[in-house]
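The values are calculated or read from the model by the stated rules, or taken from the named source; none is laboratory data. None of the values given here were measured: they were computed from a predicted structure. Glycine also receives a Cβ, built like all others from the backbone with ideal geometry; neighbour counts cover every protein chain displayed. The protein model used for the area step is the full one, side chains on, heavy atoms only, and it has no ligands, DNA or RNA in it. Shrake-Rupley method; radii C 1.70, N 1.55, O 1.52, S 1.80 Å.
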Amino acid sequence: MAEAGPRRHRDAAFLAAKYTRSTEPHVAPINRLAAQIAAATGAVVPGADPDGGGVDARVLLLLETPSRAGGYTTGLISIDNDDTAAANLWRGLDAVGLDRRRVLVWNAVPWYVGSADKIRSPAPAEITAGLAWLRRLLDLLPDLRVVACFGRAAARAVLPLRPELVARGLTLLDSPHPSQRVYNRPGAQARERVHATLATAAELARAPAHPSVGR
């Protein structure tokens, strides 16, 4: 068994145990949606990590598209995946005390868009195509308080939804992407900005719920 820390999906037994939990009530609706997206697009669409918040999440961490080493390989969108962005998010959540059981990680374009050899950024048409599915995901999250967008594509995807999300009482946050290329860019302070976003999300997730939240 892998020790607690990032990249735990390197442990095949640990990962296999998660697959057996894919129908647990807090993730089953999201995984059914992932299966519907896969059927509609013919693409690889990873599902929700049962160690996360699922439909009970208060915080949505919205990335851009599944990575090849992460969700494409494991079939799960998870901070335990064996890729740099997942590991950076794992460390960020740990640093600010954001309980992963209050978090759902998802992608603005929920299917893999790269080639057999290399991932690429999602095209505008793909971001638009993902919008309807993102709306359906948000409808599954009655206790949601925060949508934190990591990367420009995620921020663009949420832009058309901002008025309705604000009307729902949600806080919208924008952050640099936690990929290695962005996260450690000299002078960009991306690491600090990612952690600041996660710290704000953690504070909002811990606060007592407003009567209108989730209604």
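Which of the peptides 194-202, 36-44 is most tightly packed, and how do the rest follow, judged by the mean count of other Cβ atoms within 10 Å per residue?
On the way: 194-202: 21.1, 36-44: 14.4.
Result, highest mean Cβ count within 10 Å first: 194-202, 36-44.
Determine the dipole magnitude for the chain: charges of +1 sit on the beta-carbon of Lys and Arg, -1 on that of Asp and Glu, nothing else is charged, the reference point is the Cα centre, and the result goes in debye to the nearest 20. It would help to have the intermediate numbers written out before the result.
Numbers: 27 positive and 20 negative charges, 70 e Å.
Rounded to the nearest 20 debye, it is 340 debye.
So how exposed is E164, as accessible area in Å² (1.4 Å probe, rounded to 10)?
We get 90 Å² for E164.
Taking H placed 1.01 Å from N in the peptide plane, check which residues at least 5 places from E64 or on another chain put their amide H under 5 Å from its amide H.
Excluding prolines and chain starts, which carry no amide H, the hits are A108.
When averaged across all projection directions, what area in nm² does the alpha-carbon convex hull of segment 107-215 cover?
Numbers: hull surface 31.1 nm².
The directionally averaged projection comes out at 7.8 nm².
Once the other residues with Cβ under 10 Å from the Cβ of L138 are scored (Lys, Arg +1; Asp, Glu -1), what is the net sum?
Working: positive: R135, R136, R168; negative: D139, E164.
The answer is +1.
Which cross-chain or sequence-distant (5 or more) residues have an amide H under 5 Å from the amide H of D82, H modelled 1.01 Å from N in plane?
Amide H neighbours of D82: H9.
Given a 1.4 angstrom probe, what's the average accessible area per residue across segment 109-195, in square angstrom?
On the way: 4490 Å² over 87 residues.
Result: 52 Å² per residue.
Can you run phi through the Karplus equation (6.51, -1.76, 1.60; θ = phi - 60°) for segment 5-11 and list ³J(HN,Hα) in whole Hz, with x for Gly and Pro?
Result, ordered by residue: x, x, 6, 5, 6, 5, 7 Hz.
What does the highest-first list of 132-143, 84-95, 168-179 look like by mean Cβ count within 10 Å?
On the way: 132-143: 16.8, 84-95: 21.5, 168-179: 19.4.
Answer by packing, highest mean first, reads 84-95, 168-179, 132-143.
At a probe size of 1.4 Å, how large is the accessible area of R156, to the nearest 10 Å²?
120
Counting only protein heavy atoms and using a 1.4 Å probe, what share of the accessible area of segment 1-79 belongs to carbon plus sulfur, as a whole percent? Kindly include the intermediate steps, with their values, before the conclusion.
Values: 1810 of 3320 Å².
Roughly 55 percent of what the probe reaches on segment 1-79 is carbon or sulfur.
What does a probe at A209 reach in segment 122-162, counting residues whose amide N is under 11 Å from the point 7 Å along Cα→Cβ?
142-145
Take K118, K18 and sort them by solvent-accessible surface of the protein heavy atoms, 1.4 Å probe, largest at the top.
On the way: K118 145, K18 5 Å².
Reading off the accessible areas and sorting them downward yields K118, K18.
Magnitude of the Cβ-charge dipole of segment 1-82, K/R +1 and D/E -1, about the Cα centre, nearest 20 debye? Kindly include the intermediate steps, with their values, before the conclusion.
Numbers: 8 positive and 9 negative charges, 28 e Å.
The dipole magnitude comes to about 140 debye.
Would you work out which of L198, P46, V182 lies farthest towards the positive end of the dipole of the chain, given +1 charges on the beta-carbon of Lys and Arg and -1 on that of Asp and Glu, about the Cα centre?
V182
What per residue convex hull volume, in Å³, comes out for the chain when only alpha-carbon positions are used? Kindly include the intermediate steps, with their values, before the conclusion.
Numbers: hull volume 25.2 nm³, N = 215.
Here the figure is 117 Å³ per residue.
Report, in deg cm²/dmol and to the nearest 500, the calculated mean residue ellipticity at 222 nm for the chain, where each DSSP H run with n ≥ 4 adds -39500 (n - 2.57) and the sum is divided by the residue count.
On the way: 9 runs with 89 residues, N = 215.
Only helices count here, giving -12000 deg cm²/dmol.
Can you list residues whose amide H is under 5 Å from T171's amide H, if they're 5+ apart or on another chain and H is modeled 1.01 Å from N?
Counting only residues 5 or more places away or on other chains, the set is V146, V147.
Using only protein heavy atoms and a 1.4 Å probe, report how much of Y19 is accessible, in Å² to the nearest 10.
Around 100 Å² of this residue is reachable by solvent.
Quick one: 3J(HN,Hα) in Hz for segment 81-92, Karplus 6.51/-1.76/1.60 with θ = phi - 60°, rounded, Gly and Pro as x.
Taking θ as phi minus 60°, the curve returns 5, 8, 9, 5, 4, 4, 5, 5, 5, 4, 5, x Hz for segment 81-92.
Go through segment 123-137 residue by residue and turn each phi into a ³J(HN,Hα) via Karplus (6.51, -1.76, 1.60, θ = phi - 60°); whole Hz please, and just put x for glycine and proline.
Calculated HN-Hα couplings, in order: 7, x, 5, 6, 5, 4, 5, x, 4, 4, 5, 5, 4, 5, 4 Hz.
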